[in-house]
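S.K.: Structure below; questions to follow.
The values are calculated or read from the model by the stated rules, or taken from the named source; none is laboratory data. Just so it is clear, the structure is predicted and the values come from calculations on it, not from any experiment. Virtual Cβ from ideal backbone geometry, glycine too; neighbours counted across all protein chains shown. Surface areas here come from the heavy atoms of the whole protein model, side chains and all, with no ligands, DNA or RNA. Shrake-Rupley method; radii C 1.70, N 1.55, O 1.52, S 1.80 Å.
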Amino acid sequence: MTIRLSLTAPPVTPRNCQGTVRVRDRLEWRVGDPGDPAALAEEFLTLHRMPVADLSLLPGGSCPGGPDGSLCGAAVLLSGAGGAAAIGAPTGAPSPSPAVPDLVVVVYEHCPPAAPAVSGGWRLGAWAPSWSTRQHAEAVASVRAAIGRGDVYQVNVVGHWSASYTGDPSAALERVAAIEGAVYGGVVSGDGWAVACASPETLVSVAAGRVQSRPIKGTRPATEQGRRELLASAKERAEHIMIVDLVRNDLALVARTGSVRVEELFALRRWVGLWQAESVVAADLSGGVGLAGVLRAVAPGGSVTGAPKRAALAEVARLERVGRGPSMGAVGWVSAFGVDLGLTIRTVAADGDRVHVWAGGGITWGSEPAAEVAEAAAKAGPLFGALRG
């Protein structure tokens, strides 16, 4: 099966180039293959004459278009396991969707406008979780025990659901990419697989000498009562600030000394029917830092790992029954103007015969297992709804 490549959403192409680019070349890598995915991505893009060896020189802005055959930019997809491999951390259980690579870099060039492809119909089967509600709650309790021992401060625990399907999933995946609040709404695909993302969270952006991350942590229903509860929750605020501190440390690895700053703290944003708390952490990028260095600094993202990051990843590998696949990684766009990568939360993968969804949340000492299970289900709900149509 070949799932068509969507060129309709911002993470895949800039808005003013949508529908007027074609694939020039692509790189795919999986955990277990030779090489470091961060270095391979930088080397591949450098081969295509993209200036990613020193991101401090990228001027900002967006591709203005160009003549037929000229370079536009590249879509990048890095799985959570790929990010862990890049820093030598545990990569966790095998992916339930092994057809999807752990690193995909797709280089695009300009071309005349093309007619949009027509999707066929499809039928979705029943959803099956990879663990029961009880098993999910037990994982939450296990993290609390690890916190009590002093092993970690916080761990993000992720659940997984899958369903069989028949037909063409393209239209359903594009509905996922169009979910309200999807800052990184897009579809990336290859031979026999596709990944749709509706993420609201910036993992990292780089332009004009500035590097920025916008971690999201803390969730409530998008009601006035939910807003009050989230603002008043000491547990949610503590969980959020732990991750902000982790992101500050991540950016410090590639920042000019003393330049890391929290520009906004615990601001509420809406994603479909949920309030989520977001902060803005920024810094001045050191000269000579390339794409590989930035990826190693920030991936996998702190809000989907925990703190300390490596210890949290060890807990994830111990507890989660199936791998995270392309979720909890990064997706976005790299060009001669800048880098803009979102965190692949709110993400769906389709392989030859099944569709996969992941969702979870950060566990702290104050977490209640039943509430954490309900939060994961609330985050997955809009994805299920978009897939159903």
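S.K.: When the label point is put 7 Å from the Cα of residue 145 along its Cα-to-beta-carbon vector, which residues of the stretch 294-318 have a backbone N closer than 20 Å?
M.R.: 307-308, 311-318
S.K.: Continuing with this model, one more query. Which of the DSSP-defined H helices in the chain satisfy a minimum axial length of 18 Å, computed from C-alpha atoms, and a minimum mean Kyte-Doolittle hydropathy of -1.0?
M.R.: On the way: long enough: 133-149 (24 Å, -0.22); 234-252 (27 Å, -0.07); 369-388 (28 Å, 0.48).
Long hydrophobic helices here: 133-149, 234-252, 369-388.
S.K.: Please give the FRET efficiency for residue 115 paired with residue 208, using the beta carbon to beta carbon distance and R0 = 45 Å, rounded to the nearest 0.05. Please report the intermediate quantities before stating the final value.
M.R.: On the way: r = 37 Å, r/R0 = 0.81.
For residue 115 and residue 208, the calculated efficiency is 0.75.
S.K.: May I ask for log10 I(q)/I(0) of the stretch 135-285 at q = 0.08, 0.11, 0.12, 0.19 Å⁻¹, from a Debye sum over the Cα atoms as equal point scatterers with solvent left out?
M.R.: -0.31, -0.59, -0.70, -1.26
S.K.: Would you mind calculating the gained length between residue 321 and residue 16 on full extension (0.36 nm times residue separation, minus the Cα-Cα distance), in nm to one decimal?
M.R.: On the way: separation 305, 0.36 × 305 = 109.80 nm, distance 4.19 nm.
Here the answer is 105.6 nm.
S.K.: Tell me the relative contact order for the chain as a rounded percent, counting alpha carbon contacts under 8 Å between residues six or more apart.
M.R.: Numbers: 1001 pairs, mean separation 109.3, N = 389.
Result for the chain is 28 percent.
S.K.: Now, a different point. Quick one: which of 355-364, 224-233 comes out on top by average Cβ neighbours within 10 Å, and what's the full order, highest first?
M.R.: Numbers: 355-364: 25.6, 224-233: 13.7.
Packing proxy ranking, top to bottom: 355-364, 224-233.
S.K.: Label point 7 Å out from residue 191 along Cα-to-Cβ: which residues of the stretch 59-100 have amide N under 17 Å?
M.R.: Those under the cut-off are 98-100.
S.K.: Listed highest first by mean packing, meaning other Cβ atoms within 10 Å per residue, what order do 42-55, 96-109, 316-329, 15-28 come in?
M.R.: Working: 42-55: 18.0, 96-109: 23.1, 316-329: 24.6, 15-28: 16.0.
In decreasing order of mean packing, 42-55, 96-109, 316-329, 15-28 become 316-329, 96-109, 42-55, 15-28.
S.K.: Here's something else I'd like to know. What is the Cα centroid distance between the stretch 144-173 and the stretch 319-389, reported in whole angstrom?
M.R.: 6
S.K.: If you don't mind, there's one more thing I want to ask. Could you tell me which label, among [x] 57, 45, 44; [y] 58, 54, 44; [z] 64, 42, 38, carries the value of Cα extents along the principal axes in Å calculated for this structure?
M.R.: Matching the structure shown: [y].
S.K.: Taking the alpha-carbon set of the stretch 131-183, what are its Rg and Dmax in Å?
M.R.: Calculated on Cα positions, Rg and Dmax stand at 17.5, 49 Å.
S.K.: Could you report the chain's accessible area per residue, 1.4 Å probe, as an integer in Å²? Spell out each step's value before the answer.
M.R.: Working: 14570 Å² over 389 residues.
Each residue of the chain exposes 37 Å² on average to a 1.4 Å probe.
S.K.: Ignoring any ligand, DNA or RNA, what whole percent of the accessible area of the chain comes from carbon and sulfur when the probe is 1.4 angstrom?
M.R.: Numbers: 8010 of 14570 Å².
Within the chain, the accessible surface is 55 percent carbon and sulfur.
S.K.: Can I ask one more? Which FRET efficiency value, to the nearest 0.05, do you get for residue 245 and residue 132 by plugging their Cβ-Cβ distance into 1/(1 + (r/R0)^6) with R0 = 30 Å?
M.R.: So the FRET efficiency works out to roughly 0.35.
S.K.: Turning to a different aspect of this structure: For the ranges 240-247, 81-88, what's the packing order if you count other beta-carbon atoms within 10 Å of each residue, average per peptide, and put the highest first? Please report the intermediate quantities before stating the final value.
M.R.: Details: 240-247: 22.0, 81-88: 23.6.
Going from most to least packed, we get 81-88, 240-247.
S.K.: Let me ask you something else. Determine, at each q value in 0.20, 0.24, 0.25, 0.26 (inverse angstroms), the log₁₀ of I(q)/I(0) that the Debye formula gives when each Cα of the stretch 69-146 is one equal point scatterer.
M.R.: So the normalised log intensities work out to -1.12, -1.17, -1.17, -1.18.
S.K.: Where does the chain land at 222 nm, in deg cm²/dmol rounded to the nearest 500, when only DSSP H runs of n ≥ 4 count, each adding -39500 (n - 2.57), divided by all residues? Spell out each step's value before the answer.
M.R.: Details: 9 runs with 110 residues, N = 389.
Taken over the chain, the calculation gives -9000 deg cm²/dmol.
S.K.: Here's another thing I want to ask about it. Based on alpha-carbon atoms only, what is the radius of gyration of the stretch 300-389 relative to the globular estimate 2.2 N^0.38 Å?
M.R.: Details: Rg = 14.9 Å, N = 90, 2.2 N^0.38 = 12.2 Å.
Rounded to two decimals, the normalised Rg is 1.22.
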